[in-house]
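Trainee: Handing you a structure now.
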Amino acid sequence: MAASTDSKHSSDLKVEDVEKTSIDATPALDAHYDPAYVQKTLRMVDWRMLPLLGLLYAIALIDRTNLGIARTAGMEIQLKLNLGERYSIASMIYFIPYILLQIPGNIVLRWIGARSWLTICVVGWGIAQLGMGFVPTWGWLVFCRVWLGVFEAGFFPALVFIITTWYKRHEVQKRLAVFYLVSIVLGGFSSLAAFGIAHLNGRGGLLGWSWIFIIEGILTIVLGLLTWLFVPDFPDKSRFINEEQRKMILDRVEADRGDSIPDKITGAKILHHMSDPVIWLMALMFLSSAMPAYAIGFFITIILRTMGFSITMSLVLTAPPYIFAAISTFAFAYISDKTRKRAFWLAIQNLVCITGLFIVGYANTHGARYFGLFLVNAGASGCVPGILAYSSNNITSHSKRSVSTAIVIAAGGIGGIFATTVYRQKDFPKYMPGIWATLACQFTMLICLAFLTWLFNKRNKAYREGKCGHLENTPGFYYTT
């Protein structure tokens, strides 16, 4: 349910004032504050929040997908990952606890606070990552991957939840894109770093692939300690802003969507929010976009090896598609926020991904297939922050935001399972069934976008004509299409 309209709030804004104009248009509220002061405060929030959270998510993404790099660097031989579906199982098993623990993680987040919860998550998965450097058998690798999923489960939804509580709806996607593109760029260069680390082969009696997990695990644990010192909390709790800045930020959010003050999370509310079919359609779209993103993360070095490149060149050539994806992701996020449109730009990126998949699957030259990887990565990566922004723009109340982000991101975990199981060892080297399955996901997303655009426009029209009550139980709220 939306935050109740009789909740006490530090803002002087009244519900009657909100009802006179659409919450979708908040320049009047911003006029109460010096624009330079607003921008200075938002820049301060950006710099405090986005680089650290972006770096943490980059490390999370690297830690969950570096299995492919370690496999290329020699782990396949040591742990016999080429037997049956061992590699796919080791990749997939991570996602089971990752999916199941999303909603409990967001509940714990509000209970113990962002700093404590994120620190527990980061240090916990750092220890699991470190342990992967010492596994003697494939079974122990699977065991460590399970714990990696347990601790990463609460992390990404918490980040999205926190970021979306600080900004107005049409300021969100650029921020999510900045935070996400940090992970894209660092993820692209992680293969080069891993290649360098692998040259420690033999040091301390350990193989090169072991050092990849050990050094990245230690780095993650160190970042967990920095999380405790510097990570921001929700705007109503954070200490790095003063009371005047806090009031301004909460006023802007209240005028934009009416949920600046957290409502209490109860079991009844969780079940009520989970019954909203729109959340599940957003989740299906996120699954569809996460699937090719994970497939690229787990299989790009392997696909490049099938093109005849050496191990060294396969690792080097993974970086350019990620750099291109980062540029594309931010460009589309900027345009989306500028035009205040989500579905149209998501559909364009969907088509980019589809084009790339056809090229990778059916082109006859290695150069063309490599170009196709650029398009697949750009289209899929851009849709990830786009769908998160689209989803967060069309809900109100902290309790619903908590449930929605958890369900949507959990669906991304299902996309990860899908990616790791449809790209099968027996389909090597072109993985055509995996390509077809990924294409099916993209066309599914286009159908969902078309339906939600029709539904949101229908609801907005009915509300504008006075044929229905307040959308999302919030006066003046209109859905973003």
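Trainee: Filtering region 394-405 down to residues that are more than 11 Å from the chain's Cα centre (by Cα) and assigned to a helix (DSSP H, G or I), which residue is modelled with the lowest pLDDT?
Mentor: Result: HIS398.
Trainee: Name the single residue that is farthest from the chain's Cα centre (by Cα) among those in region 229-269 being closer than 30 Å to ASP63 by Cα and part of a helix (DSSP H, G or I).
Mentor: Looking at the filtered set, the residue picked out is LEU229.
Trainee: Would a scan of region 284-304 turn up a residue that is touching a residue at least 60 places away in the same chain (Cβ under 8 Å), among the aliphatic types (A, V, I, L, M) and either in contact with a Leu (Cβ under 6 Å, 6 or more places away or on another chain) or over 30 Å from GLN425 (Cβ atoms) (or both)?
Mentor: Checked region 284-304: at least one residue is touching a residue at least 60 places away in the same chain (Cβ under 8 Å), among the aliphatic types (A, V, I, L, M) and either in contact with a Leu (Cβ under 6 Å, 6 or more places away or on another chain) or over 30 Å from GLN425 (Cβ atoms) (or both).
Trainee: While we're looking at this one, here's another question. Kindly list the number of the only condition in (1) in contact (Cβ under 8 Å) with a residue 40 or more places away in the chain; (2) closer than 30 Å to ALA411 by Cβ; (3) out of contact with any Cys (no Cβ under 8 Å at 6 or more places or on another chain) that fails for ASP236.
Mentor: Just one mismatch for ASP236, condition (1).
Trainee: In the list ILE261, ILE302, ILE296, which residue meets the criterion of being more than 30 Å from LEU357 (Cβ to Cβ), modelled with pLDDT under 90 and among the hydrophobic types (A, V, I, L, M, F, W, C)?
Mentor: ILE261
Trainee: I've got another one for you. Would you check which residues across region 96-134 are crowded, with 18+ Cβ neighbours inside 10 Å, aromatic (Phe, Trp, Tyr) and touching a residue at least 60 places away in the same chain (Cβ under 8 Å) and list them?
Mentor: Within region 96-134, TYR98, TRP125 meet the criteria.
Trainee: Among the residues of region 239-259, which ones are surrounded by 21 or more Cβ atoms within 10 Å (Cβ to Cβ) and either touching a Lys or Arg at 6+ places or on another chain (Cβ under 9 Å) or not hydrophobic (A, V, I, L, M, F, W, C) (or both)?
Mentor: ASP251, ARG252, VAL253, GLU254, ALA255, ASP256, ARG257, GLY258, ASP259, listed by residue number.
Trainee: Hey, another quick one. Any residue in region 81-95 that is over 10 Å from ARG71 (Cβ atoms) sitting within a Cβ distance under 9 Å of a residue that is of a type in the set (Asp, Glu) and crowded, with 22+ Cβ neighbours inside 10 Å? List the pairs, counting only those 6 or more apart or interchain.
Mentor: Between residues of region 81-95 that are over 10 Å from ARG71 (Cβ atoms) and residues that are of a type in the set (Asp, Glu) and crowded, with 22+ Cβ neighbours inside 10 Å, the close pairs are TYR94/GLU152.
Trainee: Next question. Does any residue of region 357-369 turn out to be farther than 18 Å from PHE443 by Cβ, in contact (Cβ under 8 Å) with a residue 40 or more places away in the chain and in a helix (DSSP H, G or I)?
Mentor: Within region 357-369, one or more residues are farther than 18 Å from PHE443 by Cβ, in contact (Cβ under 8 Å) with a residue 40 or more places away in the chain and in a helix (DSSP H, G or I).
Trainee: While we're here: Of everything in region 422-435 that's touching a residue at least 40 places away in the same chain (Cβ under 8 Å) and surrounded by fewer than 20 Cβ atoms within 10 Å (Cβ to Cβ), which residue is farthest from ARG71 (Cα to Cα)?
Mentor: Going through the qualifying residues, I end up with MET432.
Trainee: Is it the case that some residue within region 462-472 is among the basic types (Lys, Arg) and either within 23 Å of ASP263 (Cβ to Cβ) or crowded, with 16+ Cβ neighbours inside 10 Å (or both)?
Mentor: No - not one qualifying residue is present in region 462-472.
Trainee: Within region 453-480, track down each residue that is in contact with a Leu (Cβ under 8 Å, 6 or more places away or on another chain), among the hydroxyl-bearing types (Ser, Thr, Tyr) and under 19 Å from SER391 (Cα atoms).
Mentor: Hits for region 453-480 are TYR478, TYR479.
Matching residues to (1) modelled with pLDDT under 50; (2) in contact with a helix residue (DSSP H, G or I) (Cβ under 6 Å, 6 or more places away or on another chain); (3) of a type in the set (A, V, I, L, M, F, W, C):
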residue	(1), (2), (3)
SER11	yes, yes, no
LYS14	yes, no, no
THR21	yes, no, no
ALA25	yes, no, yes
LEU29	no, yes, yes
TYR33	no, yes, no
MET44	no, no, yes
LEU50	no, yes, yes
LEU61	no, yes, yes
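Trainee: Going through region 125-157 one residue at a time, which ones are assigned to a helix (DSSP H, G or I), under 15 Å from ILE215 (Cα atoms) and over 18 Å from the mean Cα position of the chain (by Cα)?
Mentor: GLY126, ILE127, ALA128, GLN129, LEU130, GLY131, MET132
Trainee: Give region 182-228 a look and list any residue that's part of a loop (DSSP other than H, G, I, E, B) and at positive phi, or say none.
Mentor: Result: GLY202, single match.
Trainee: Same structure, new question: In region 42-95, which residues are surrounded by 21 or more Cβ atoms within 10 Å (Cβ to Cβ), among the polar types (S, T, N, Q) and either within 14 Å of the chain's Cα centre (by Cα) or in a helix (DSSP H, G or I) (or both)?
Mentor: Correct list: THR65, THR72, SER91.
Trainee: Is it true that some residue in region 179-195 is of a type outside the set (S, T, N, Q) and more than 30 Å from MET313 (Cβ to Cβ)?
Mentor: The answer is yes, given that some residue of region 179-195 is of a type outside the set (S, T, N, Q) and more than 30 Å from MET313 (Cβ to Cβ).
Trainee: Can you tell me which residue within region 376-421, out of those that are closer than 19 Å to THR329 by Cα and polar (S, T, N, Q), is surrounded by the fewest Cβ atoms within 10 Å (Cβ to Cβ)?
Mentor: The residue in question is ASN393.
Trainee: Take region 312-349 and flag every residue that is among the small types (Gly, Ala, Ser), more than 28 Å from TRP454 (Cβ to Cβ) and within 18 Å of the chain's Cα centre (by Cα).
Mentor: Answer for region 312-349, where residues must be among the small types (Gly, Ala, Ser), more than 28 Å from TRP454 (Cβ to Cβ) and within 18 Å of the chain's Cα centre (by Cα): ALA325, ALA326.
Trainee: In region 350-380, which residue that is at pLDDT 90 or above and among the hydroxyl-bearing types (Ser, Thr, Tyr) is nearest to the chain's Cα centre (by Cα)?
Mentor: THR355
The values are calculated or read from the model by the stated rules, or taken from the named source; none is laboratory data. Treat the numbers as computed from the prediction; the structure is a model and nothing was measured. Here the Cβ is made from the backbone with ideal geometry for all residues, glycine too, and neighbour counts use every protein chain on show.
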